[in-house]
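Read the figures in this text as sums done on the coordinates, not as results from a lab. From a predicted model like this one, the values you see are computed outputs, not experimental measurements. Here the Cβ is made from the backbone with ideal geometry for all residues, glycine too, and neighbour counts use every protein chain on show.
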Amino acid sequence: MTDLSELYQQVILDHNRNPRNFRKVPGANRQAEGYNPLCGDRISLQVRVEGDVIRELGFQGSGCAISKAAASLMTAAVEGKTTDEANALFRAFHDMLAGGATAPGKLAAFAGVKAFPARVKCANLSWHALRAALENTVAAQPITTESASD
Ligand code: ZN
């Protein structure tokens with residue numbers, strides 16, 4: 001168990017230091033802003049969707065290690081997926097942090113976050129931004145973790 005925890009910590013540290021897809025996306029046709037006032041995490045997410053497939057996505061912003069690593073892993077997990085598959089991953093990640101089953105793949109690295117309720121919103125922020133971007137519900141107001149359903 002200790003080895004597993006260390007492995008998970010390494011995944012989070014790696015994605016914090018070298019975030020994947022930390023950039024703007026040329027030709028993005030969906031985007032959303034996310035803000036977690038409890039921690040000060042901010043994310044700007046851009047997505048290029050073709051049909052129902054997420055072809056490319058990228059994020060920018062600033063925040064704690066958990067929020068940045070979670071955003072990095074989120075973008076890596078959903079790139080190339082259909083929007084239905086991305087929504088299923090959103091639910092799996094959300095459920096895991098709510099105490100449910102462990103999410104698939106490297107997303108499992110965040111399983112330990114559920115023991116730290118204040119950090120759950122850091123980990124969920126980019127996923128809420130993704131869902132908002134895919135639903136195209138974003139108007140002038142950024143989504144915040146305070147208005148999210150968790
Ligand atoms: Zn945070």
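Condition (residue is within 15 Å of the ligand (Cβ to nearest atom), of a type in the set (A, V, I, L, M, F, W, C) and touching a helix residue (DSSP H, G or I) at 6+ places or on another chain (Cβ under 9 Å)) applied to segment 88-97: is it met by at least one residue? Yes, because at least one residue in segment 88-97 is within 15 Å of the ligand (Cβ to nearest atom), of a type in the set (A, V, I, L, M, F, W, C) and touching a helix residue (DSSP H, G or I) at 6+ places or on another chain (Cβ under 9 Å).
Just to be sure before I move on: is LEU89 touching a Lys or Arg at 6+ places or on another chain (Cβ under 9 Å) and in contact (Cβ under 8 Å) with a residue 40 or more places away in the chain in the structure I sent? No; evaluated as a whole, the condition is false for this residue. Filtered by the rule that a residue be within 16 Å of the ligand (Cβ to nearest atom) and of a type in the set (S, T, N, Q), segment 21-50 gives ASN36, SER44. Where helices (runs of 4 or more DSSP H) sit wholly within segment 46-145, those with at least 2 residues that are touching a His at 6+ places or on another chain (Cβ under 6 Å) occupy 65-78.
With respect to being hydrophobic (A, V, I, L, M, F, W, C) and within 16 Å of the ligand (Cβ to nearest atom), LEU7 falls outside the description. The set of residues in segment 105-127 being away from the ligand (no atom under 13 Å from the Cβ) and touching a strand residue (DSSP E or B) at 6+ places or on another chain (Cβ under 7 Å) is empty.
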